[in-house]
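Q: Sending over a structure as structure tokens; questions will come in a sec.
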Amino acid sequence: MANAWKKENKHSKFFTSNPLFLLLLICLSLLLLFLLFTSHSQSHSQSPNLSISQISKPITLTQSFNYPIPPFDCFKSPQAHPVVANLVENVKFPFLYSLSDFGSLPDKPHKNIVRLLKGKPFRKPDISVTIQGLLEGKKGKNGFVVDVGANVGMASFAAAVMGFKVLAFEPVFENLQRICDGIWFNRVGELVTVFDAVVSDKIGNITFYKLVGRLDNSAVSATGAKLAFKSNEEIAVQVRTIPLDDLIPDSEPVILLKIDVQGWEYHVLKGAAKLLSRKKGEAPYLIYEEDERLLQASNTSAKEIRDFLRSVGYHHCTMHGTDAHCIKE
């Protein structure tokens with residue numbers, strides 16, 4: 001066995017000590033690598049099923065309709081910072097949202113910031129629980145959820161994580177940025193379309209009052225904006241207005257319409273007369289805030305809203321806190 005080992009060792013010694021053989025081996029290896037590289041490049045550059053137009057065509061996240069106003073472009077919006085976001089507690093279909101108002105840091109931080117520092121999720125918003133409860137029996141049904149006065153998306157994301165398509169309307173830029181955060185956090189870019197607009201009964205522009213430190217109370221009425229927070233500063237901004245009837249095609253089903261616009265509800269409803277006039281089974285379930293003080297600040301009333309709703313077939317409304325829930329029976 002020892003002699004046999006020595007014999008094999010002679011042959012291996014020849015291969016390792018012969019410089020011509022080593023040079024040939026290196027050249028063959030380089031040639032093989034070159035051939036592999038060129039064949040790989042050709043296979044990527046020649047695709048029989050992909051045309052030049054397909055290669056250059058941009059990828060879109062949502063199905064596009066011919067809307068009279070363009071949706072808000074989250075990709076072109078400046079990124080808000082810092083971002084404070086968290087999961088919502090105790091909802092059946094979990095989602096995250098991002099805060100726009102942080103409170104008066106460091107003296108009176110937002111309650112959810114305090115919860116976050118304690119390792120707790122954000123407190124569940126009542127509207128999120130309501131939306132998911134109403135939609136749970138309609139999962140798989142085709143149609144939009146329309147969120148007018150979306151704030152930071154607590155109703156929109158509650159619906160989107162269940163698989164529903166959402167049209168969200170919000171005129172406050174800081175809130176729009178947080179909706180964009182939530183679209184990414186919840187991976188719902190294909191489901192949520194956002195519009196930077198006040199929903200009303202006419203197309204045009206209107207003065208809108210942004211309440212610093214309480215953006216969720218911003219309103220078309222300066223009085224309404226400061227009704228609960230008189231010490232906060234308001235800033236007047238010009239925003240576009242759009243009626244829902246001008247934006248939602250007659251052919252598009254709408255499952256649920258939620259409206260929370262600090263007293264501007266009557267104008268939103270008037271601008272959706274065609275949508276609300278759809279027959280039973282096709283007309284949306286309606287939720288709107290009915291706060292008499294806020295309505296009077298916008299020169300309307302709860303009675304005026306109820307009279308209008310009866311004229312389009314909504315004869316049955318029930319109150320849940322300050323929200324009215326209306327259906328066609």
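The values are calculated or read from the model by the stated rules, or taken from the named source; none is laboratory data. As the structure is a prediction and not an experimental result, all values here were calculated from the model. Cβ placement follows ideal geometry from the backbone for every residue including glycine, while neighbour counts extend to all protein chains displayed. The accessibility values were calculated without ligands, DNA or RNA, using every heavy atom of the protein model including side chains. Shrake-Rupley method; radii C 1.70, N 1.55, O 1.52, S 1.80 Å.
Q: From the set of residues in the stretch 226-240 that are at pLDDT below 90 and open to solvent by less than 50 Å² (accessible area, probe 1.4 Å), which is farthest from LYS202 (Cα to Cα)?
A: If we take residues in the stretch 226-240 being at pLDDT below 90 and open to solvent by less than 50 Å² (accessible area, probe 1.4 Å), then ASN232 is farthest from LYS202 (Cα to Cα).
Q: Further question: If you check GLY119, GLY143, GLY163, which single one turns out to be open to solvent by less than 10 Å² (accessible area, probe 1.4 Å) and at positive phi?
A: GLY143
Q: Taking the stretch 130-151 as the search range and keeping residues that are under 16 Å from the mean Cα position of the chain (by Cα) and not in a helix (DSSP H, G or I), which one is farthest from GLY321 (Cα to Cα)?
A: For the stretch 130-151, the residue satisfying everything is PHE144.
Q: Sticking with this one: Which one of ASN112, ASN66, ASN86 is within 25 Å of LYS210 (Cβ to Cβ) and either loosely packed, with under 13 Cβ neighbours inside 10 Å or within 19 Å of the chain's Cα centre (by Cα) (or both)? Before the answer, list the steps.
A: On the way: ASN112 fails: either loosely packed, with under 13 Cβ neighbours inside 10 Å or within 19 Å of the chain's Cα centre (by Cα) (or both); ASN66 fails: within 25 Å of LYS210 (Cβ to Cβ).
Result of the check over ASN112, ASN66, ASN86: ASN86.
Q: Kindly list, by first and then second residue, each pair from a residue in the stretch 183-202 that is farther than 30 Å from ILE305 by Cβ to a residue that is open to solvent by 50 Å² or more (accessible area, probe 1.4 Å) and modelled with pLDDT under 95, limited to pairs with Cβ atoms under 6 Å and residues at least 6 apart or on different chains.
A: Correct list of pairs: GLY189/LEU61; GLU190/LEU61.
Q: Among the residues of the stretch 90-109, which ones are more than 16 Å from the chain's Cα centre (by Cα), open to solvent by less than 40 Å² (accessible area, probe 1.4 Å) and modelled with pLDDT of 95 or more?
A: Answer for the stretch 90-109, where residues must be more than 16 Å from the chain's Cα centre (by Cα), open to solvent by less than 40 Å² (accessible area, probe 1.4 Å) and modelled with pLDDT of 95 or more: just VAL91.
Q: Further question: Select from the stretch 294-307 the residues that are outside any loop (DSSP other than H, G, I, E, B) and open to solvent by 30 Å² or more (accessible area, probe 1.4 Å) and list them in ascending order. Walk me through it before giving the result.
A: So in the stretch 294-307, the residues outside any loop (DSSP other than H, G, I, E, B) come out as 294-297, 302-307.
Those that are outside any loop (DSSP other than H, G, I, E, B) and open to solvent by 30 Å² or more (accessible area, probe 1.4 Å): GLN296, LYS303, GLU304, ARG306, ASP307.
Yes or no, residue by residue, for (1) surrounded by fewer than 17 Cβ atoms within 10 Å (Cβ to Cβ); (2) at pLDDT 95 or above; (3) closer than 27 Å to THR207 by Cβ:
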position: ILE242; (1), (2), (3): no, yes, yes
position: LEU247; (1), (2), (3): no, yes, yes
position: VAL254; (1), (2), (3): no, yes, no
position: TRP264; (1), (2), (3): no, yes, yes
position: HIS267; (1), (2), (3): no, yes, yes
position: ALA273; (1), (2), (3): yes, yes, yes
position: ARG278; (1), (2), (3): yes, yes, no
position: GLY281; (1), (2), (3): yes, no, no
position: ILE287; (1), (2), (3): no, yes, yes
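Q: Does VAL129 count as open to solvent by 50 Å² or more (accessible area, probe 1.4 Å) and without any contact (Cβ under 8 Å) to a residue 24 or more places away in the chain? Can you show your working first?
A: Numbers: open to solvent by 50 Å² or more (accessible area, probe 1.4 Å): yes; without any contact (Cβ under 8 Å) to a residue 24 or more places away in the chain: no.
When the stated conditions are applied, VAL129 does not pass them.
Q: Give the number of residues within the stretch 308-329 that are closer than 15 Å to LYS258 by Cα and assigned to a strand (DSSP E or B).
A: 9
Q: Can you tell me which residue in the stretch 166-214 is nearest to LYS258 (Cα to Cα), limited to those that are within 10 Å of the chain's Cα centre (by Cα) and open to solvent by 40 Å² or more (accessible area, probe 1.4 Å)?
A: Applying the filter and picking the extreme gives LEU191.
Q: Now, a different point. In the stretch 244-293, how many are part of a helix (DSSP H, G or I), without any contact (Cβ under 8 Å) to a residue 40 or more places away in the chain, touching a Ser or Thr at 6+ places or on another chain (Cβ under 9 Å) and of a type outside the set (A, V, I, L, M, F, W, C)? Reasoning before the result, please.
A: Pass one, the stretch 244-293, residues part of a helix (DSSP H, G or I): 244-247, 265-270, 273-276, 292-293.
The next check asks that each one be without any contact (Cβ under 8 Å) to a residue 40 or more places away in the chain; those that pass are 245, 273-276, 292.
Pick out the ones that are also touching a Ser or Thr at 6+ places or on another chain (Cβ under 9 Å) and you get 273, 292.
Subset that is of a type outside the set (A, V, I, L, M, F, W, C): 292.
Residues flagged as part of a helix (DSSP H, G or I), without any contact (Cβ under 8 Å) to a residue 40 or more places away in the chain, touching a Ser or Thr at 6+ places or on another chain (Cβ under 9 Å) and of a type outside the set (A, V, I, L, M, F, W, C) within the stretch 244-293 amount to 1.
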